[in-house]
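The values are calculated or read from the model by the stated rules, or taken from the named source; none is laboratory data. Note that the structure is a prediction, hence the values are computed from the model and not measured. Neighbour counts run over all protein chains shown; Cβ positions are idealised from the backbone, glycine included. Note: accessible area is taken over every heavy atom of the protein model, side chains too, but ligands, DNA and RNA are not part of it. Shrake-Rupley method; radii C 1.70, N 1.55, O 1.52, S 1.80 Å.
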Amino acid sequence: MNKRTRLIASLLAAVFLILAAAVMRFYVSVPENKKNTGNQTVIEKIIATDSRGRSIFSDGSGNVGIAEAGRIVAAPEWTSITQAADDIYIASKKIGGKLLFGCIDSEGDLIVPIIYKSILPLSVGELDLYCAESDDGGELILYDSGFMPYFRHTWRSYRVSGKELILNDDMGEYTYAYVQGGGELMFKNASASGTVMGCGYNLDIYSRVLLSKLTVPMIEEMLSGAENYIEYAYGGDNGFIAEISERNRNDFSPLFENESAIVSKRLLGISDIHIYELRSEGGIPAYEVSIMAEMEIVYMDETGKRRSMQDKYKAAVHFRCSQENYPELVSGEFELDAPIYPAPEPDSESFAGYADDYGAGMEF
């Protein structure tokens, strides 16, 4: 993979961190007359030399660069340089008063933008990765040994436990296990959580078959879509339906929309939530988020009296993936069109009259 492709991938990863401005500051901060000083720079001290004869050196001012066969190939404009791979170096410099890190090749060309607070190695089994921490917000991006982004996602924290890598973001915790001899990580389990209308929920996925087809962004996008549908179904939020294409709006049904007897409905909790793979159409992956919602309903019974009841109702929210494997909402509905109302409660006055009549006919 050439360095231009690697740089483009790294820049795309940086977009997740909303640090484009920092990238621009880097380019502006390097004057053209410092890009290559040739033999005018004096090599003061050799810091390290690799098997190819390349050397990391410092000049008289303490800045560091790279030399090969006695010729300076990367000007000494860096605060530090550490070799990470055969032709990749982690380099740092001060930008705007902050010491920031990125990656260059042996000629000093940029591979990873100089926007990170730190870039540190980590190993999971026999897999070598690098963790880059954003200077703005502390988000983490994981790179492989060739400094291509390993995930198309940012993280808040990580830990290594044996041959497992546990990653956390704002929605959940996700575990990846090293595949012996495969040189890669396998999605082992996902544990995500969220809140909808004040009610929290937890989703756990352990199916290896399902996880082999899902990514963390897919899981979190489907959960967010299901949350939005539930809010719409209970409260009729028009903001949600306005974002749905006009031809698909009829595929999203408010909860018990034709029940005129219902005075109010309130979500009490979500007892179960699952993701299932559906049969694909035309090879396009499709999924369902199944939700069991507990609800309180206030309604007018057939006698005209206000009653309340609690029950659980199942909803299904469907998604279809685009070519970029991005799950898009296609439908949402509850299983029942109307609640199953309890039998009317006997009227106390009528019951008393019935008891009197019944008692009057008794003989002792």
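In loop segments of segment 125-222 as defined by DSSP, the trypsin sites (Lys or Arg not before Pro) with at most 15 further C-beta atoms inside 10 Å of their C-beta are 152, 156, 213.
The phi-based Karplus calculation (6.51 cos²θ - 1.76 cosθ + 1.60; θ = phi - 60°) puts the 3J(HN,Hα) values of segment 188-203 at 9, 7, 10, 9, 10, 9, x, 9, 9, 6, x, 10, x, 8, 9, 10 Hz, whole numbers, x for Gly and Pro. So which of 98/163; 117/163; 45/94 end up more than 29 Å apart by C-alpha? Exceeds cut-off: 98/163.
Summary of packing: across the peptides 245-258, 218-231, the per-residue average of other C-beta atoms within 10 Å ranks them, highest first, as 218-231, 245-258.
Cα centroids of segment 279-340 and segment 122-146: 39 Å apart. Peptide packing for 273-279, 63-69 was compared via the average number of neighbouring C-beta atoms within 10 Å per residue; ordered from the highest value, the list is 63-69, 273-279. For segment 136-185, the share of accessible area belonging to carbon and sulfur comes to 43 percent (1.4 Å probe, ligands and nucleic acids excluded). Each peptide among 44-57, 327-340 gets the average number of other Cβ atoms lying within 10 Å of its residues, and from highest to lowest they stand as 327-340, 44-57.
When the charge dipole of segment 28-164 is built from unit charges on Cβ atoms (+1 for Lys and Arg, -1 for Asp and Glu) and taken about the Cα centre, the candidate among 97, 127, 42 whose Cα reaches farthest toward its positive end is 97. Annotation for residue 47 and residue 231: the two label points, set 7 Å from Cα along the Cα-Cβ direction, are 5.0 nm apart.
Summed over the residues of segment 127-265 and divided among them, the accessible surface reaches 47 Å² per residue at a probe radius of 1.4 Å. The residues of segment 273-347 present an accessible area of 61 Å² per residue when probed at 1.4 Å with all protein chains retained.
Coupling constants for segment 57-64 follow from the phi torsions by the Karplus curve (6.51 cos²θ - 1.76 cosθ + 1.60, θ = phi - 60°), and in residue order they are 10, 10, 9, x, 8, x, 6, 10 Hz; glycine and proline get x.
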